[in-house]
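Trainee: Just passing along the structure, written as structure tokens.
The values are calculated or read from the model by the stated rules, or taken from the named source; none is laboratory data. Predicted model only: the values in this text are computed from it and were never measured. Virtual Cβ from ideal backbone geometry, glycine too; neighbours counted across all protein chains shown.
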Amino acid sequence: MVRREKANYYLDIAGTVCERSTCLRKTYGAVIVKNDTIISTGYNGAPRGRQNCSDLGWCLREKHNIPSGERYELCRSVHAEANAIIVAPREEMIGATLYMVCRDPKTGDVVSGTNSCSMCKRLIINAGISTVVIRDTMDEYRTIDVLSEWVLKDSSLELHSGY
């Protein structure tokens, strides 16, 4: 028997978490881990008490053909990363790793090349999470060093260089 290496082990768990997602466009699952201990999990879905897109049977962003990555204010969901951060104590997230998986809800296939949105990146930075691992295939993944990739290479500065 060959043991699954740690990154894929936690990504497999994030993949299971995304089965709770209620989004009709893409399902996401996130797991925050520190010192080999799962701190919290999160998936994308409507805030507590509100109807989910899966309950309504439609997605407003899909209904209006809004491309991925645009007009998040119209989305009913709280993102998986945000949900995982909301329930975790900050002192336990400092230096932690967030594992994330995205699947197509129609096929169940892993969606390659996904990333956190700009708002979730800011939440991850402020939570003190140091590494993000994102699944691209069942065995391949990308590892992002939050400090060097999202803090020091601050792409938002390019957007506001005229200020």
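Trainee: Please report, ordered by residue number, the strands (runs of 3 or more DSSP E) entirely within the stretch 71-163 with at least 3 residues that are more than 21 Å from residue 20 (Cβ to Cβ) and β-branched (Val, Ile, Thr).
Mentor: On the way: elements: 97-103, 131-135, 141-145.
Where strands (runs of 3 or more DSSP E) fall fully within the stretch 71-163, none carries at least 3 residues being more than 21 Å from residue 20 (Cβ to Cβ) and β-branched (Val, Ile, Thr).
Trainee: Which residues, counting only those in the stretch 98-130, are surrounded by fewer than 15 Cβ atoms within 10 Å (Cβ to Cβ) and among the charged types (D, E, K, R)?
Mentor: 104, 106, 109, 122, listed by residue number.
Trainee: Within the stretch 37-56, can you find the residues that are part of a loop (DSSP other than H, G, I, E, B) and touching a residue at least 24 places away in the same chain (Cβ under 8 Å)?
Mentor: Of the residues in the stretch 37-56, the ones part of a loop (DSSP other than H, G, I, E, B) are 44, 46-52.
Within the stretch 37-56, 44, 46, 47, 50, 51, 52 qualify.
Trainee: Can you name the condition, by its number, that residue 31 falls short on among (1) part of a strand (DSSP E or B); (2) modelled with pLDDT under 95?
Mentor: The failed condition is (2).
Trainee: In the stretch 59-70, what count of residues is obtained for those that are on the phi > 0 side of the Ramachandran plot and either modelled with pLDDT of 80 or more or in a helix (DSSP H, G or I) (or both)?
Mentor: Keep residues of the stretch 59-70 that are on the phi > 0 side of the Ramachandran plot, which gives 65, 69.
Filter again for either modelled with pLDDT of 80 or more or in a helix (DSSP H, G or I) (or both), leaving 65.
Going through the stretch 59-70 one residue at a time, the tally reaches 1.
Trainee: Further question: What are the residue pairs meeting all of these: first residue in the stretch 1-21, first residue on the phi < 0 side of the Ramachandran plot, second residue assigned to a helix (DSSP H, G or I) and surrounded by fewer than 23 Cβ atoms within 10 Å (Cβ to Cβ), Cβ atoms under 9 Å, and 6 or more apart or on different chains?
Mentor: As it stands, the answer is 3/9; 4/12; 21/54, since those pairs meet every condition given.
Trainee: Before we move on, is residue 86 among the aliphatic types (A, V, I, L, M) and over 13 Å from residue 29 (Cβ atoms)? Before the answer, list the steps.
Mentor: On the way: among the aliphatic types (A, V, I, L, M): yes; over 13 Å from residue 29 (Cβ atoms): yes.
It is true that residue 86 is among the aliphatic types (A, V, I, L, M) and over 13 Å from residue 29 (Cβ atoms).
Trainee: Looking at 43, 10, 28, which one is crowded, with 19+ Cβ neighbours inside 10 Å and in contact with a His (Cβ under 8 Å, 6 or more places away or on another chain)?
Mentor: Answer to the check: 28.
Trainee: Looking at (1) surrounded by 11 or more Cβ atoms within 10 Å (Cβ to Cβ); (2) on the phi > 0 side of the Ramachandran plot, find the lone condition where residue 49 falls short.
Mentor: (1)
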